[in-house]
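Here the structure is laid out as structure tokens; the discussion comes afterwards.
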Amino acid sequence: AKGNGRNNFQFFTRELNHVATERLHLEAALRHAIDHDGFEVHYQPKTDANRRIIGMEALARWRPPEYGPISPDRFIPIAEDSGLILPLTMTILQRAFVATRRWNEGRDLKRNPLRIAVNLSPRLFLSDDIVSHVHRLLRDADLSPELVELEITETVFMSRSERVLETLIQFKQLGLQLAMDDFGTGYSALSYLRRFPLDIIKIDRSLVTGIEREEEVAMIARAVLSLGQSLHKTVVAEGVENQAQFDFLRSQGCDEFQGYLLSRPLSEAGMSELLQSHGG
Ligand code: C2E
Ligand code: CA
Ligand code: CA
Ligand code: CA
């Protein structure tokens, strides 16, 4: 058994080396991509209850030629840990803002504007002057701040909350909308809803999957929707994959819908086409 333990140890060391080396390679590739415009932005449309497109979420895409596509769930944490999240986010936002400005051209901005939702990593709230960065990008793109929603996850609210509150208030003063992303995955989210100036609650996919089959999931989703309504928040459901889920959420008063039922995330050109086929 002793010899076996030793083998295990060697195995783990080798595995760790492998993981660490791969990570270093990915980090170098990420750095290179940031300097060479190596990212894409895809857009997933959001609709209202009548299936009218009201906006889209910008999602980062990375396909380094030497690796093939790498999911944002994998490269965002690397960017966060290696100080690359700010430049990465700036390129995503810059492109998303310019595209959104273009998609809104000729639309009646009072009646049916298209809003862009972007994801802000919790890291960005700690050190960088994120508000002025976003402000500058908005001005450069000539995009109205009212058309922008910032999606923020619960972990932001767990640390240094005075600073976070201050930052969020500055964003509100600029006119942006604030959304709590992945709602329902944490545990003390309810108090955050009172403490921070959030406009939108985005129900996590884990509370949508199975909603049409499992009574418990349905009950939780119903509770979240009624909570959102009593607090006068806009409630968005993500990960809506079938008609039964859409119908249920709609019957419970959900405001906005996002998911494969309506569309997968699309390239910028794909999004432009979709908007055109929906009559601008
Ligand atoms: P998220 O913000 O919760 O984004 C939604 C994710 O669910 C996206 O995955 C989207 O493609 C996927 N999705 C949408 N509809 C459905 C559906 O009906 N069924 C299923 N199974 N999945 C659906 P994606 O693009 O792989 O992004 C994963 C996560 O990576 C995002 O989760 C977000 O946390 C993060 N992320 C993506 N882009 C950025 C970014 O630019 N900045 C930051 N900080 N994070 C990002
Ligand atoms: Ca999101
Ligand atoms: Ca989400
Ligand atoms: Ca999610």
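The values are calculated or read from the model by the stated rules, or taken from the named source; none is laboratory data. From a predicted model like this one, the values you see are computed outputs, not experimental measurements. Methodologically, a virtual Cβ is constructed for each residue, glycine included, from the backbone with ideal geometry; neighbour enumeration extends over all protein chains shown. These area figures cover heavy atoms from the full protein model, side chains too; ligands, DNA and RNA do not enter into them. Shrake-Rupley method; radii C 1.70, N 1.55, O 1.52, S 1.80 Å.
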If you roll a 1.4 Å probe over the chain with all protein chains in place, what percent of the accessible area is carbon or sulfur?
51
Here the gain from full extension of E105 to L274, 0.36 nm per residue of separation minus their alpha-carbon distance, amounts to 59.3 nm
Order by accessible surface, 1.4 Å probe, largest leading, for residues I169, I76 comes to I169, I76
Segment T185-R213, extension gain: residue separation times 0.36 nm, minus the distance between their alpha carbons
8.1 nm
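Sort Y260, Y192 from largest to smallest accessible area, using a 1.4 Å probe on the heavy atoms of the protein chains. Spell out each step's value before the answer.
Numbers: Y260 110, Y192 15 Å².
Correct descending sequence by accessible area is Y260, Y192.
Provide the net charge surrounding Q258, with neighbours chosen by a C-beta distance below 10 Å and charges set as Lys +1, Arg +1, Asp -1, Glu -1.
Numbers: positive: K46, K202, R205; negative: E57, E238, E256.
Its environment carries a net charge of 0.
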Could you give me the radius of gyration and the Dmax of the stretch 162-280, taking only the C-alpha atoms into account and expressing both in angstrom?
15.9, 46
Inter-label distance, nm, simple model (7 Å from Cα along the C-beta direction), E22/Q170:
3.8
Per-residue HN-Hα couplings for the stretch 99-114 [Karplus 6.51, -1.76, 1.60; θ = phi - 60°; Hz; x = Gly/Pro]:
4, 5, 4, 5, 5, 8, 4, x, 8, 7, 5, 7, 8, 9, x, 9
Can you figure out the FRET efficiency of M158 with S230, using R₀ = 22 Å and their beta-carbon distance, to the nearest 0.05?
0.35
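Placing +1 at every Lys and Arg Cβ and -1 at every Asp and Glu Cβ, with all other atoms neutral, what dipole size does the chain have around its Cα centre, in debye to the nearest 20? Mind dumping the intermediate values first?
On the way: 33 positive and 39 negative charges, 28 e Å.
Computed about the Cα centre, the dipole is about 140 debye.
Given a 1.4 Å probe, how much area per residue of the chain is accessible, in Å²? Intermediate results must be reported in sequence, preceding the final value.
Details: 14630 Å² over 280 residues.
With all protein chains present, the chain gives 52 Å² per residue.
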